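Can you read through this structure? Questions will come right after.
The values are calculated or read from the model by the stated rules, or taken from the named source; none is laboratory data. This one's a predicted model, so the numbers in the text were calculated from it and none came from an experiment. Virtual Cβ from ideal backbone geometry, glycine too; neighbours counted across all protein chains shown.
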Amino acid sequence: MSSLFDPLRQRARALKPTRTAVVYPMSAPALDAAFEAADAGYIEPVLVGPRAAMTALMQRHQRQTDRFEIVDTDDDAPQAARQAALLARDRAVHALMKGSLHTDEYMSAIVARDAGLRTRRRISHVFVFGFPAYPKLLALTDAAVNIAPGLADKVDIVQNAIDLCRALGVATPKVAVLAATETVNPAMPVTIEAAALSKMAERGQIRHGIVDGPLAFDLAISARAAAEKAVVSPVAGDPDVLLAPNIETGNTLYKQAAWLAGAELGGLVIGAAVPVLLTSRADSVQTRINSCILANLYAHWLAGQA
């Protein structure tokens, strides 16, 4: 069966595998994703964690124990995360991939000031979905990192998502700024922020994309719904990115897409010096591999921007 991710797979296979620190891969799904993404040519894993325990786990699951470089650490997940962040800082690796440690342990090491991975941008997360009922890949941000972003935060969040879409081959991504209504209402600050983001994009404060909002979800996704409500929008019915107003909205949309709508997906944290894979311990191996595809394409795109 064909997939909207297929063109990305083809592009990533044609590129050099991205050298990726896999942080504390102490579960079968984490190891499986590293091996399968390497088999497909998307990443070159560097396993960061306790050598003896990782080797024993690979042996139990009949995986080749000497295939990848191992950076040995104590059996301590935060230490493994700190070591991986330093590898990225020194450009010994060009992406980071979460294994089986807690998200706060992983992200704390990455955003630590001495890790050297911060940029001028705020870090944010982007999911990329392939829906059976939508004709192209659709990104959603932010459903995982920023809890209640303000206007200045959303500028970076939108720009991060635009950059990822450009790395995936979308020349001028269209961003729908979601709200409960398509009208600006002073009683709903999210609608004012949406209007401000639209104007900021028009004036070049957000670059390389088309941003419009506020848009209710139905208007964002359906040109017919927009026409019935007489809403004229350059984005309605054809977005590449949905900007959620807060993490509750974004996280709910993501889980509905994954668990009810049958969407294929991958995800990536943008805004650090290297792409960061923030997979959940509940994610399938395929979702982890799709995330490796995104990391590969984005890492090569970043290198081209330098």
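Would you tally the residues in the range 275-288 being surrounded by fewer than 22 Cβ atoms within 10 Å (Cβ to Cβ) and part of a helix (DSSP H, G or I)?
So the answer is 3.
Separate question: If you go through the range 142-166 one residue at a time, how many are over 16 Å from the mean Cα position of the chain (by Cα) and free of Cβ contacts under 8 Å to residues at least 60 places away in the same chain?
5
Could you grab me the full set of residues in the range 82-137 that are more than 17 Å from the chain's Cα centre (by Cα) and aliphatic (A, V, I, L, M)?
Result: Ala84, Ala85, Leu86, Leu87, Ala88, Ala92, Val93, Leu101, Ala109, Ala112, Ala115, Ala133.
So in the range 275-285, with the set limited to residues that are more than 12 Å from the chain's Cα centre (by Cα) and among the aliphatic types (A, V, I, L, M), which one is nearest to Phe131 (Cα to Cα)?
Val285
Report, by residue number, each residue of the range 27-51 that is in a helix (DSSP H, G or I) and not acidic (Asp, Glu).
Filtering the range 27-51 down to residues in a helix (DSSP H, G or I) leaves 28-40, 51.
The answer is Ala28, Pro29, Ala30, Leu31, Ala33, Ala34, Phe35, Ala37, Ala38, Ala40, Arg51.
Looking only at the range 25-33, decide whether some residue is in the same structural domain as Ala295 (by TED's automatic domain parsing), at pLDDT below 95, under 19 Å from the mean Cα position of the chain (by Cα) and closer than 23 Å to His300 by Cβ.
Yes, because at least one residue in the range 25-33 is in the same structural domain as Ala295 (by TED's automatic domain parsing), at pLDDT below 95, under 19 Å from the mean Cα position of the chain (by Cα) and closer than 23 Å to His300 by Cβ.
Here's another thing I want to ask about it. Residues that are over 30 Å from Glu193 (Cα atoms), at least 3 per element: which strands (runs of 3 or more DSSP E) completely within the range 79-178 meet that? Steps first, please.
Details: elements: 95-98, 124-130, 138-141, 174-178.
The qualifying strands (runs of 3 or more DSSP E) are 95-98.
OK, next. Return the residues of the range 200-241 that are more than 16 Å from Ala180 (Cα to Cα) and out of contact with any strand residue (DSSP E or B) (no Cβ under 9 Å at 6 or more places or on another chain); say none if nothing qualifies.
Arg203, Gly204, Gln205, Arg207, His208, Ala223, Arg224, Ala227, Glu228, Ala230, Val232, Gly237, listed by residue number.
Quick check on my filter: what residues within the range 247-283 are over 15 Å from Ser124 (Cα atoms) and either of a type in the set (A, V, I, L, M, F, W, C) or touching a Cys at 6+ places or on another chain (Cβ under 9 Å) (or both)?
Leu253, Ala257, Ala258, Trp259, Leu260, Ala261, Ala263, Leu265, Ala282
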